[in-house]
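Heads up: the structure comes next, in structure tokens.
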Amino acid sequence: MINLIWMAMLIIGIVVAAVNGRMSEVNAAIFESAEDGVGICFGLISILVFWLGIMKIAEKSGLLAKLSQLFKPLMTWLFPDVPKDHPAMGYILSNTIANLFGLGNAATPMGIKAMEQLKKLNRDRPEASRSMITLLALNTTGLTLVPTTVIAIRMKYGSQAPTEIVGTTLIATTCATIAAIIIDRFFYYRRVRKGKK
Amino acid sequence: MAFITALSIWLIPIIIGLILVHGTIKRVPTYETFVEGGKEGFNIAISIIPFLLGMLVAIGVFRASGAMDMLINAIKPFLQAVGIPAEVVPLAIIRPISGTGALGLMSDLIRVHGPDSYIGRLASTLQGATDTTFYVITVYFGAVGVKKIGDAIKVGLLADLVGIIASIVIVAIVFGTM
């Protein structure tokens, strides 16, 4: 899918430029955009180094583990099919906390391990279980406390207040997450009703 | 609204403060641990370069050719009535499909309209409101070999839609209408 979109943007762009007579602008855009790409990534270094450094302290001091215990009651409610002390629950908690603190690279392996455990609980069947869909729903909404990448890009383009969008982002992503939980339950009950018929 | 503004300013320093105090109490060598974790951030930023660069060139060509303006002008009349800036629609569409694609479009919007413009703030909020649904599904289900994904895509995309609508509403409330 992404290959198609990428290719289409370039080809449509070149064809439209030919029609509009804007080929020299397109030439300029190619090299300026490439330079921008490097510039943005270099801009990301500052905030990523700082944030991941701070988070390493939170991880080593056991703060993240402690926080995940706080979420346990909520998670046992969200995942009623997972036994409380099953390893799957541990991975689900780590995955959620890592996402919350913007540790995408740590969240993904935890999420995959959680999926493996959930698959075992589902007796290795090839279809997604209820808990698998819930875990996925939680991950697709990307609930994050601090949108570090967005802040870095706002800084690069000279924002007066790069962090002013933290509040609006948090509210929007919380809405999406609550919606995901409700929609997930709705579809679950719909499946149950259909199964009984 | 004052609360949301205060939240934006206070959240990050409070998180940092709490982590450092807790780390010190637990006798973690804070500075050395910070440096260790920071190295990871460097590698991540560098490894994104080819992904983002490729996307930005495609978006840059699409915009410079005039195709982006044609697309935006075509959908503008429908969206203006409901108060949604047409400029953010491509971002909203790409967001569930490609993370770097969305990152590229967001950077492009911020560069063109300014980070503190209405569109810049909305683009920033949209980018953080949801994650890349298709990518998450592919990675998580692909890794463990789940073939029948059930309602996962429907749940993910509907939640994305809620996130997009919530972004538009909350940005309009906090930063005023366009």
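The values are calculated or read from the model by the stated rules, or taken from the named source; none is laboratory data. For clarity, every value in this text was computed on a predicted model and none was experimentally measured. Note: ideal-geometry Cβ built from the backbone for every residue, glycine included; neighbour counts use all protein chains shown. Side chains included, ligands, DNA and RNA excluded: accessible areas come from the protein's heavy atoms. Shrake-Rupley method; radii C 1.70, N 1.55, O 1.52, S 1.80 Å.
For chain B, the solvent-accessible area with a 1.4 angstrom probe is 45 square angstrom per residue. Counting only alpha carbon atoms, the long axis of helix B:152-175 and the longest principal axis of chain B meet at about 90°.
Between A:Glu32 and A:Asp124, the simple spin-label model (points 7 angstrom out along Cα→Cβ) gives 5.8 nm. Counting only alpha carbon atoms, the long axis of helix A:166-196 and the longest principal axis of chain A meet at about 50°.
Protection proxy ranking for B:112-119, B:166-173, B:42-49, using the average of other Cβ atoms within 10 Å per residue and placing the highest first: B:166-173, B:112-119, B:42-49. Would you mind telling me the share, in percent, of accessible area of chain A contributed by carbon and sulfur at probe 1.4 angstrom? Carbon and sulfur: 64 percent of the exposed surface of chain A. Mean residue ellipticity at 222 nm, helices only, chain B: -27000 deg cm²/dmol; runs of at least 4 DSSP H residues each add -39,500 (n - 2.57), and the sum is divided by the number of residues. With respect to chain B, whose longest principal axis is taken over its alpha-carbon atoms, helix B:2-25 is tilted by about 30°. Spin-label model, A:Gln69 to B:Leu11: label points 7 Å out along the Cα-to-beta-carbon direction sit 2.6 nm apart. Annotation for the A:B interface, with buried accessible surface near 8000 Å², both sides summed [1.4 Å probe; non-protein components not counted]. Given +1 at the Cβ of Lys and Arg, -1 at the Cβ of Asp and Glu and no other charges, the dipole of chain B around its Cα centre is 240 debye to the nearest 20. Here the sum of -39500 (n - 2.57) over DSSP H runs of 4 or more residues, divided by the residues of chain A, equals -26500 deg cm²/dmol at 222 nm, to the nearest 500. Annotation: lysines with alpha-carbon distance below 28 angstrom to B:Lys148 (same-chain offsets under eight excluded): A:Lys84, A:Lys113, A:Lys119, A:Lys120, A:Lys194, A:Lys196, A:Lys197.
Could you identify which residue out of B:Leu11, B:Leu109, B:Leu122 has the top mean-square fluctuation in a GNM of chain B using Cα springs shorter than 10 Å? Fluctuation is largest for B:Leu11. Sorted largest first, the principal axis extents computed over the alpha-carbon atoms of the protein assembly as shown equal 65, 60, 39 Å.
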